[in-house]
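Take a look at the structure set out below.
Every read-out reported here was derived from the displayed coordinates using simple, explicitly stated rules and does not represent laboratory data. Since the model is a prediction, treat every value here as computed from it, not as a measurement. Cβ atoms come from the backbone with ideal geometry, glycine included; neighbour counts cover every protein chain shown.
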Ligand SMILES: C[S@@+](CC[C@H](N)C(=O)[O-])C[C@H]1O[C@@H](n2cnc3c(N)ncnc32)[C@H](O)[C@@H]1O
């Protein structure tokens, strides 16, 4: 869905009223790239709203064009950095957040740029409604273990933490609805296991 700047300036807390014009739950995909996951989910779940966020406008454009082509009125894309999400969403406005194949940022000095760093998790916690899921998929073992460690050691208190190191061989696979992102296709075709975890924040 395409929208002018003024709409986005006023949309905080009003995505459903101003844009989607319904009262459905909102799922956000951070670092969505070309938006395959946002598009795929919006096709399957007309009764939910989906927003893909990325900083790269050319990638978002691919997803936006697809949403327009297919009349997916429950899909939208927002160009911003994840660290600024609270300028666009009200506390508790989101029902689910997906982190799909974020850049692994393996260097220690880049830790704060990882989209599962505690600073980002704090933003997700603020914007999620009570009991909302965070779901995270990656091919990267280092980033996966880093994130799992944060959650298991209680750096960020969470509940219902569930995970697998091999999503395609796990019974959690059914949660993925056969939708593969560009990076997922790339890395699984190179033989990488896809890792997945999900959790809720403790309130
Ligand atoms: C490896 S790509 C994955 C894209 C897509 N999720 C997929 O699975 O094909 C990571 C994406 O995250 C975006 N990204 C990285 N850091 C970001 C940030 N701080 N804010 C917004 N987008 C970010 C990049 O622009 C890039 O499109």
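Quick notes on this one:
- Taking one quarter of the surface of the C-alpha convex hull of the chain gives a mean projected area of 10.9 nm².
- Hull volume per residue, based on the alpha-carbon atoms of region 50-103 and their convex hull, is 93 Å³.
- Per-residue ellipticity at 222 nm computed for the chain from its helices equals -8000 deg cm²/dmol, with DSSP H segments shorter than 4 residues left out and the rest contributing -39,500 (n - 2.57).
- Stokes-Einstein D for region 21-81, Kirkwood Rh over Cα pairs, 10 °C, 1.306 mPa s (µm²/s): 143 µm²/s
- Once the C-beta distance of residue 70 and residue 110 is scaled by a Förster radius of 30 Å, the resulting FRET efficiency is 0.25 to the nearest 0.05.
- DSSP beta bridges fully contained in region 5-201 are about 35 percent antiparallel.
- Contact order for region 5-201, expressed relative to its length and based on alpha carbon pairs under 8 Å spaced 6+ residues apart, stands at 20 percent.
- Between region 21-79 and region 95-134, the Cα center-to-center distance that results, in Å: 19 Å
- Computed over all pairs of different Cα atoms, the Kirkwood value for the hydrodynamic radius of region 82-171 is 13.9 Å.
- Rounded tilt (10° steps) of 141-152 against the dominant C-alpha axis of the chain: 90 degrees
- Nearest-0.05 FRET efficiency for residue 61 and residue 83, computed from C-beta distance (R0 25 Å): 0.70
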